[in-house]
Amino acid sequence: MFYEYAVEPQAIAASWANFRYIIEKFGFDQGRLIAEFPKRWLREVYDATISLPPVQRKRVEEALNQARKNKLIRTGRPYNESVGDWLQNAVVEHQRVPFRAIIANANPTNNRVVLAAAELDESHPLMNVPHDQAVHRDAKSLAAAMKEILEFSSRVVFIDPFFDPFDSRYRATFRECLDIVRSFNPNAVCEIHYRYHNAKPANDAIEREAPHLFPGTFPNDLRVIIFCWREKAGGEDFHDRYLLTERGGIAVGAGFSAEGAHQTTDMRLMSYELSQEKLKAFARGTTCYELVEPVIRVAGNGQVERI
């Protein structure tokens, strides 16, 4: 659902119009992400705006600070000045690990993957990316569709009212998702939020059974916080399923249960604003739902602590 682009600093900073048009086309909510290539990409963009009027340059600075939240990713791609200029480096790196496209000032060799910034069009096949898709409901496919947002977020929040840790179908999906988090972002805070129901085990039951449930599901050196919520009479419905992070969110139609590849669930990119609003709705102290204690933090070896 997400595609990585290389954007030449001098191209995006050539004018305020260029900058505003290009930056608005990127973000986790757009399905397009800008690689910090080279790693000093932000500084190079700002330095390239030196010829802009002070007011416009200040706007660029403010927009770049916002872009850090949900538009940029750092994947550690190598950049070697001995290879040549920025475009030559981008083309070489694309041959190693492909970008979706390279956005540059010019395309002197008519490379099909290079898009000229001045002629950029959202309808171009390399810019036209889906904001939703049907995903097979096996654990690996579900996790793969969410990989980039799992990889680059520092707070990872799974919302599924029907989550049941006693059900191996849920454990399978979380095993795949949390392996991605551990591999790329082991310091991330991970949470699971579900809805209380008389017929389902509450957190105190999960707490008792954790040593049997979670080894092999949660990575050994990763801890997951589990919240249980009750709907308030006359209050907000708790039905929809999401993956929410500080960088954006994905609406997951049928939730995180791995029912098998013979079924699909619709996944949809959420606007940044809506994803952050939903995050607040599941924060401790929220007025949307009633928290059912205890809140527990579970380690991969099954150890549990109340928090």
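The values are calculated or read from the model by the stated rules, or taken from the named source; none is laboratory data. The structure displayed is predicted, hence computed values, not measured ones. As a convention, Cβ positions derive from the backbone with ideal geometry for all residues, glycine included, and neighbour counts pool all protein chains shown. Side chains are part of the model used for accessible areas, which takes the heavy atoms of the whole protein and leaves out ligands, DNA and RNA. Shrake-Rupley method; radii C 1.70, N 1.55, O 1.52, S 1.80 Å.
General remarks:
- Residues located in the stretch 132-142, provided they are outside any strand (DSSP E or B) and open to solvent by less than 70 Å² (accessible area, probe 1.4 Å): D138, A139, S141, L142
- Condition check for Y242: of a type in the set (F, W, Y), over 22 Å from the mean Cα position of the chain (by Cα) and on the phi < 0 side of the Ramachandran plot: no
- Filtered residues of the stretch 8-61 (kept if free of Cβ contacts under 8 Å to residues at least 24 places away in the same chain and closer than 29 Å to G249 by Cβ): E24, E61
- Restricting attention to the stretch 102-122, the residues that are at pLDDT 95 or above and either in a loop (DSSP other than H, G, I, E, B) or out of contact with any His (no Cβ under 8 Å at 6 or more places or on another chain) (or both) add up to 14.
- Flag: H124 matches the condition of being surrounded by fewer than 16 Cβ atoms within 10 Å (Cβ to Cβ) and farther than 19 Å from L72 by Cβ.
- Only a single criterion out of (1) surrounded by fewer than 17 Cβ atoms within 10 Å (Cβ to Cβ); (2) of a type outside the set (D, E, K, R); (3) in a loop (DSSP other than H, G, I, E, B); (4) in contact (Cβ under 8 Å) with a residue 24 or more places away in the chain is not satisfied by G285, namely (4).
- One residue from T264, T245 being under 25 Å from D138 (Cα atoms), touching a helix residue (DSSP H, G or I) at 6+ places or on another chain (Cβ under 8 Å) and either at pLDDT below 95 or not aromatic (F, W, Y) (or both): T245
- Any hit, the stretch 166-175, residues being free of Cβ contacts under 8 Å to residues at least 40 places away in the same chain, open to solvent by less than 10 Å² (accessible area, probe 1.4 Å) and under 19 Å from T245 (Cβ atoms): no
- V60 vs. criteria among the aliphatic types (A, V, I, L, M), surrounded by 15 or more Cβ atoms within 10 Å (Cβ to Cβ) and outside any loop (DSSP other than H, G, I, E, B): yes
- Residues that are more than 22 Å from F282 (Cα to Cα) and free of Cβ contacts under 8 Å to residues at least 60 places away in the same chain within the stretch 200-215 comprise R208, E209, listed in sequence order.
- Failed criterion for E246 (all others in (1) closer than 25 Å to S275 by Cβ; (2) charged (D, E, K, R); (3) free of Cβ contacts under 8 Å to residues at least 60 places away in the same chain hold): (3)
- Boolean, Q66 is more than 14 Å from I34 (Cα to Cα) and either touching a residue at least 12 places away in the same chain (Cβ under 8 Å) or outside any loop (DSSP other than H, G, I, E, B) (or both): no
- Residue within the stretch 29-39 that is open to solvent by less than 40 Å² (accessible area, probe 1.4 Å), more than 18 Å from Q88 (Cα to Cα), in contact with a Lys or Arg (Cβ under 9 Å, 6 or more places away or on another chain) and among the aromatic types (F, W, Y) present: no
- Residue-level analysis places A17 outside the set of residues that are touching a helix residue (DSSP H, G or I) at 6+ places or on another chain (Cβ under 7 Å) and part of a helix (DSSP H, G or I).
- Extreme residue, nearest to Y170 (Cα to Cα), among residues of the stretch 204-236 that are open to solvent by less than 50 Å² (accessible area, probe 1.4 Å) and within 23 Å of the chain's Cα centre (by Cα): T217
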